[in-house]
Amino acid sequence: MFRLDQTTALIVGIANDQSIAYGCARALRAQGARLAVTYLNEKAEKHVRPLAEDLEAELILPLDVAKPGQLEGVFEAISAHWGRLDTLVHSIAFCPKDDLHGRVVDCSAAGFGQAMDISVHSFLRMIRLSEPLMPDGGTCMTVSFYGAEKVVENYNIMGPVKSALESVTRYAAAELGEKGISVHALSPGPLATRAASGIDHFDQLLQDAADRAPTHTLATIDDIGAYAAFLASREARNVTGGVHAIDGGYSIIG
């Protein structure tokens, strides 16, 4: 029903072949999008580069959003290579382990600040750099979780952080709508990714989610990717500002 031929997409957050960002990249590429893919550092590159090459990514670039200048360098490369950007997929989050595993009320100022900067403000920075490369409109997406809305055991400080990310999504969508730039948060239920594995008792969380969801099936990275590809299409141009649950109905059960 829709195609993404000759559109361009920046994918940030692939760590391995189980990453949500990889599912999005694979779906976008299958619909014809041209890709730019980033990797965190040299250690991550050996896992990411083969995946990016398999997807025929035209740009494969290092990006640690905590390092000054790296993010700007990625967008300079995109501007030089394509002169535009149609889709941004932001799928990164981080919190220091001690703060992630502790109570919310005990979270350190430094840990909270770092979690907000990498998980939330980096999305704002990417949107701001994308804006001039989207003169005819575009799509910006990030990844949230149900723990932003309700308390999920052991999700801890990432709940408030993801709440901020969802609020940022709404405000950015309101500000950029007149330019034809849509902003979305994808909200899958629990699934086994490298980032999620840092949460205490995560295996139990996965089982509980499967039991609770009406479909009794956890979302896959392919489910998320398919939804992302639709949101990146012209057919979704009048959809913006939403938090899109892709979770087998997990979030509708009280």
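Values computed for the structure shown
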| quantity | calculated |
| --- | --- |
| Check on V74, of a type in the set (V, I, T), in a helix (DSSP H, G or I) and either over 25 Å from A226 (Cα atoms) or in contact with a Ser or Thr (Cβ under 8 Å, 6 or more places away or on another chain) (or both) | yes |
| Only one of I199, I224, I253 that is modelled with pLDDT under 95, touching a helix residue (DSSP H, G or I) at 6+ places or on another chain (Cβ under 9 Å) and closer than 22 Å to C95 by Cβ | I199 |
| Criterion: surrounded by 22 or more Cβ atoms within 10 Å (Cβ to Cβ), over 30 Å from M1 (Cβ atoms) and either modelled with pLDDT under 95 or under 17 Å from the mean Cα position of the chain (by Cα) (or both) - qualifying residue of V37, V65 | V65 |
| Selected residue (criterion: surrounded by the most Cβ atoms within 10 Å (Cβ to Cβ)) from residues of the stretch 86-99 that are out of contact with any strand residue (DSSP E or B) (no Cβ under 7 Å at 6 or more places or on another chain) and in a loop (DSSP other than H, G, I, E, B) | A93 |
| Matching residues in the stretch 231-254 - criterion: being part of a helix (DSSP H, G or I) and more than 15 Å from the chain's Cα centre (by Cα) | R234, E235, A236, Y250, S251, I252 |
| Selection count, the stretch 159-183, where residues are surrounded by 15 or more Cβ atoms within 10 Å (Cβ to Cβ) and under 30 Å from D99 (Cβ atoms) | 14 |
| Residue among G137, G83, G102 that alone is in contact (Cβ under 8 Å) with a residue 60 or more places away in the chain and surrounded by fewer than 21 Cβ atoms within 10 Å (Cβ to Cβ) | G137 |
| Of all residues in the stretch 45-58 being charged (D, E, K, R) and in a helix (DSSP H, G or I), the one that is surrounded by the fewest Cβ atoms within 10 Å (Cβ to Cβ) | K46 |
| Matching residues, the stretch 224-248, being touching a strand residue (DSSP E or B) at 6+ places or on another chain (Cβ under 8 Å), of a type outside the set (F, W, Y) and under 12 Å from A25 (Cα atoms) | I224, A228, A232 |
| Residue within the stretch 174-189 that is within 16 Å of G147 (Cα to Cα) and modelled with pLDDT under 95 present | yes |
| Residue match in the stretch 218-228 (condition: crowded, with 17+ Cβ neighbours inside 10 Å, under 25 Å from F2 (Cβ atoms) and acidic (D, E)) | yes |
| Matching residues, the stretch 68-97, being aromatic (F, W, Y) and either closer than 22 Å to E42 by Cβ or under 17 Å from the mean Cα position of the chain (by Cα) (or both) | F75, F94 |
| Test for L61: is it hydrophobic (A, V, I, L, M, F, W, C) and in a strand (DSSP E or B) | yes |
| Selection status of A27, under 22 Å from A232 (Cα atoms), in a helix (DSSP H, G or I) and touching a residue at least 60 places away in the same chain (Cβ under 8 Å) | yes |
| Residue in the stretch 50-62 that is in contact with an Asp or Glu (Cβ under 6 Å, 6 or more places away or on another chain) and either modelled with pLDDT under 95 or closer than 21 Å to I127 by Cα (or both) present | no |
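Yes/no per residue for (1) free of Cβ contacts under 8 Å to residues at least 24 places away in the same chain; (2) under 18 Å from V143 (Cα atoms); (3) polar (S, T, N, Q):
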site: M1; (1), (2), (3): no, no, no
site: T8; (1), (2), (3): no, no, yes
site: I14; (1), (2), (3): no, yes, no
site: L35; (1), (2), (3): no, no, no
site: D54; (1), (2), (3): yes, no, no
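The values are calculated or read from the model by the stated rules, or taken from the named source; none is laboratory data. Model, not experiment: these values are computed from the prediction. Don't worry about glycine lacking a Cβ; one is built from the backbone with ideal geometry, like all the others, and counts go over all protein chains shown.
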